[in-house]
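What follows is a single structure, written as structure tokens, with notes after it.
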Amino acid sequence: QVQVVESGGGSVHPGESLRLSCVASQSIFFNKAVAWYRQAPGKEREMVARIIPSGSTSYPDSVKGRFRISRDKTGNTLYLQMNNLNAEDTAIYYCMGKYYGHNMWGQGTQVTVSS
């Protein structure tokens, strides 16, 4: 069974930064299209960052220029650097990897941005 654990969330003020980490017990982020998602209260889960096997990344306009996804060389860890946070970034953040074709999710980490 693959274990996936996010960390790095917390409460910050607008304009501050956080770096989320997602550590898996298997190499679920290597050479695969993987992503970070978030879900705010009362809203659907949305993708906020994606990285494909080539290393190319993509972001929705709401976070473009502020968020950056990366992974380590082992494929066991996925990161999300979040800068210039604002209240609209408040949500539970989830990482998603892939293991033998199955999407693997962590339990989520809460990010709260308030003044």
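In nm, give the distance between the simple-model label positions of S115 and K64, each being 7 Å from the Cα along the Cα-to-Cβ direction.
It works out to 2.7 nm between the two label points.
Straight-line reach from K73: which lysines have Cα under 18 Å away, leaving out those fewer than 8 places along the same chain?
Partners within reach: K32, K98.
Give me the percent of accessible area attributable to carbon and sulfur for region 39-115, probe 1.4 angstrom.
Answer for region 39-115: carbon and sulfur cover 48 percent of the accessible area.
Show me, for region 93-108, the HN-Hα J-couplings you get by feeding each phi into the Karplus relation (A = 6.51, B = -1.76, C = 1.60, θ = phi - 60°), rounded to Hz, glycine and proline as x.
In residue order, the calculated couplings are 9, 10, 9, 9, x, 9, 9, 6, x, 9, 6, 10, 10, x, 8, x Hz.
Can you give the accessible area per residue of the chain, in Å², using a 1.4 Å probe? If you can, show how the numbers build up before the last one.
Values: 6180 Å² over 115 residues.
That works out to 54 Å² for each residue.
With θ set to phi - 60° and the Karplus curve 6.51 cos²θ - 1.76 cosθ + 1.60, what are the ³J(HN,Hα) couplings of region 50-57 in order, to the nearest whole Hz, using x for Gly and Pro?
9, 9, 9, x, 5, x, 5, 10
Please go through region 31-115 and write out the GluC sites (Glu not before Pro) that DSSP classes as loop and that have at most 10 other C-beta atoms within 10 Å.
E44
Which order do peptides 51-62, 75-86 fall in by mean Cβ count within 10 Å, highest first?
Those peptides, ordered most packed to least, come out 75-86, 51-62.
So, with +1 on the Cβ of K and R and -1 on the Cβ of D and E, and no other charges, what is the size of the charge dipole of the chain about its Cα centre, to the nearest 20 debye?
340
The values are calculated or read from the model by the stated rules, or taken from the named source; none is laboratory data. These figures come from a predicted structure and were not determined experimentally. So basically every Cβ, Gly included, is an ideal-geometry build from the backbone, and we count neighbours across all protein chains shown. When the accessible area is computed, the model is the full protein with side chains, heavy atoms only, and any ligands, DNA or RNA have been set aside. Shrake-Rupley method; radii C 1.70, N 1.55, O 1.52, S 1.80 Å.
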